[in-house]
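I have placed the structure first, in the form of structure tokens, so that the comments after it can refer back to it.
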Amino acid sequence: MDGMHDMGGKQGFGKVKHSRDAAVFHAEWEVRANALYSLAVKSGVFNMDEYRHAIERMTPQHYLSAGYYERSLTSLATLCVEKGLVTREELEQLAGGAYPLAMPSAAGRSNHANRVSFVPGDHVRVRDEHVSGHVRMPAYIRGKHGVVISQSPAYPLADAHGHGLHADDEPTYDVRFEAAHLWPQGAEAAQVHVAVFESYLELHT
Amino acid sequence: MNTDPTPIASIEQRLDAIQTVLHRHGMQTAEFIETFDELAHAHWVPANGAGLVARAWTDPAFKQLLMTDGMAAVREAGLSMPVHHRHFVVLENTADIHNVICCTLCSCTAFTLIGLPPDWYKDLAYRSRVVREARTVLHEMGLDLPAQTQIRVWDTTADTRYMVMPQRPSGTDAMTVDQLTALISKDALIGVALI
């Protein structure tokens, strides 16, 4: 989905607040939030793609105002409600107040009908598709062409897995793009490598 | 008609509520939080990845394995990755090429090897900017690269995981693997610092 999470290339955020040996956690509750969603994944309540998608489904206003671990918590709580572990009303009663959750999901999708495999050196184009469900194609590569560098082992297709659907596992390709092509006259020189599912690609002719 | 919205529960209250729900469904929440805390702080440390790099610097056969089959090298070193990570790619910096990793969509990293991602890696500024203006971002973070250096940015958009192999500094020929390991920072394994 074209959600707020898809940050690559957005402008206006200012300097990175970097420090040496920067912390991972800034409060005890953050460790707990990370642990609890990990426990839910480990226990089979949901998978990592469903977890990511529930973060993406937060309203943009909530996504931007929440810190990283509040997004984790919101995804965890949303999925527990959607999977029937608790109702929203029970959750709000337990919490003693309103409990903001992510928005409902659109439909997922399966492998692309015209999926073909590629070899290193192939020139490929990212299909110009707009997907309302979970997708791991950052918007900045949509419709762009690049060169295949290598192939990964097969993975569950995130577009299906993120919706609890079954699809054939498929490889992702390491595709090299030129920043100047991704953002003409609007980027510094660099090669940008993206791991792209086979279903998202077609041969560039 | 009461139009006042119910106030939002505090983050701690919301977390307590979901912990109660998981506990009611038979999950050992308190025990797992303790286990996770230990893993995050004591086991998933950048010294793991640094050790792989230091060994590769000193052992050509191991370097060959690390570069061609990262997962096998991780296993051989007695380390591990979570089951959903099926591919581990090491990116070697050279005199001409500098690699840097990011995750524009979220926060994906090879966390068992380089540690969980630092705060700035997960922030919106790094995620939005590093793919589009890498040289400026690195400069702002204190890393100035020669103008002729080719920058490669690796966006972790799938479950392949990356780690940067920094260049070995000169004057370190006499150092042991442990001494070399101690030189290599988490920032260097991400690619936002040199050694």
* Any residue in the stretch B:85-92 that is in contact (Cβ under 8 Å) with a residue 12 or more places away in the chain and part of a loop (DSSP other than H, G, I, E, B)? -> yes
* **helices (runs of 4 or more DSSP H) wholly inside the stretch B:33-80 that include at least 2 residues being without any contact (Cβ under 8 Å) to a residue 24 or more places away in the chain and surrounded by 14 or more Cβ atoms within 10 Å (Cβ to Cβ)** => B:60-68, B:70-76
* Asked: Considering the stretch B:1-43 alone, what residues qualify as being farther than 23 Å from A:Leu91 by Cβ and in contact with a Phe, Trp or Tyr (Cβ under 8 Å, 6 or more places away or on another chain)?
  -> B:Ala40
* Structure fact -> Of the residues in the stretch A:13-56, those that are at positive phi and out of contact with any helix residue (DSSP H, G or I) (no Cβ under 8 Å at 6 or more places or on another chain) number 1
* Taking into account only those residues within the stretch B:3-21 that are facing another protein chain (nearest Cβ under 7 Å) and loosely packed, with under 13 Cβ neighbours inside 10 Å, which is nearest to A:Ser72 (Cα to Cα)? -> B:Pro7
* Asked: Across the stretch B:70-121, what is the number of residues that are farther than 25 Å from B:His41 by Cβ, hydroxyl-bearing (Ser, Thr, Tyr) and touching a Pro at 6+ places or on another chain (Cβ under 8 Å)?
  -> 1
* To do: Name the residue, out of A:Ala95, A:Ala160, A:Ala154, that is under 28 Å from B:Phe88 (Cα atoms), buried (at least 19 other Cβ atoms within 10 Å of the Cβ) and at pLDDT 95 or above.
  => A:Ala160
* Within the stretch B:179-195, considering residues that are more than 14 Å from every other protein chain (Cβ to nearest Cβ) and of a type outside the set (A, V, I, L, M, F, W, C), the one least open to solvent (accessible area, probe 1.4 Å) -> B:Thr181
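Each row is one residue, and each column tells you yes or no for (1) assigned to a loop (DSSP other than H, G, I, E, B); (2) farther than 17 Å from A:Phe46 by Cα; (3) more than 10 Å from chain B (Cβ to nearest Cβ); (4) among the basic types (Lys, Arg).
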site: A:Ser117; (1), (2), (3), (4): yes, yes, yes, no
site: A:Gly121; (1), (2), (3), (4): yes, yes, yes, no
site: A:Met137; (1), (2), (3), (4): yes, yes, no, no
site: A:Val147; (1), (2), (3), (4): no, yes, yes, no
site: A:Pro153; (1), (2), (3), (4): no, yes, no, no
site: A:Asp159; (1), (2), (3), (4): no, no, yes, no
site: A:Asp168; (1), (2), (3), (4): yes, yes, yes, no
site: A:Thr172; (1), (2), (3), (4): no, yes, no, no
site: A:Ala180; (1), (2), (3), (4): no, yes, yes, no
* Structure fact -> Selection from the stretch A:17-43 of residues assigned to a helix (DSSP H, G or I), more than 17 Å from B:Val45 (Cα to Cα) and at the interface with another protein chain (Cβ under 7 Å from one of its Cβ atoms) yields A:Trp29, A:Arg32, A:Ala33, A:Leu36, A:Ser38, A:Leu39, A:Ala40
* What residue, among those in the stretch B:144-178 that are closer than 19 Å to B:Lys122 by Cα and hydrophobic (A, V, I, L, M, F, W, C), is surrounded by the fewest Cβ atoms within 10 Å (Cβ to Cβ)? -> B:Ala158
* Asked: Restricted to the stretch B:22-32, and to residues that are touching a helix residue (DSSP H, G or I) at 6+ places or on another chain (Cβ under 6 Å) and part of a helix (DSSP H, G or I), which residue is nearest to the other protein chains (Cβ to nearest Cβ)?
  -> B:Phe32
* Taking A:Gly14, is it surrounded by fewer than 18 Cβ atoms within 10 Å (Cβ to Cβ), small (Gly, Ala, Ser) and part of a loop (DSSP other than H, G, I, E, B)? -> yes
* Structure fact -> In the stretch B:126-138, residues that are facing another protein chain (nearest Cβ under 7 Å), open to solvent by less than 10 Å² (accessible area, probe 1.4 Å) and not aromatic (Phe, Trp, Tyr) total 5
* **the stretch A:163-205 - residue that is open to solvent by less than 40 Å² (accessible area, probe 1.4 Å) and more than 19 Å from the chain's Cα centre (by Cα) and, of those, farthest from B:Cys103 (Cα to Cα)** => A:Gly186
* To do: Tally the residues that are within 15 Å of the chain's Cα centre (by Cα), among the polar types (S, T, N, Q) and surrounded by fewer than 22 Cβ atoms within 10 Å (Cβ to Cβ), restricting the search to the stretch B:81-107.
  => 1
* Residue count, the stretch B:134-149 (criterion: part of a helix (DSSP H, G or I) and of a type in the set (D, E, K, R)) -> 2
* Please indicate, with yes or no, whether at least one residue in the stretch A:84-99 is among the acidic types (Asp, Glu) and touching a strand residue (DSSP E or B) at 6+ places or on another chain (Cβ under 9 Å). => yes
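The values are calculated or read from the model by the stated rules, or taken from the named source; none is laboratory data. Computed from a predicted structure; not experimentally measured. Cβ: placed from backbone, ideal geometry, glycine included. Neighbour counts: every protein chain shown. SASA here: full protein model, heavy atoms, side chains in, ligands and nucleic acids out. Shrake-Rupley method; radii C 1.70, N 1.55, O 1.52, S 1.80 Å.
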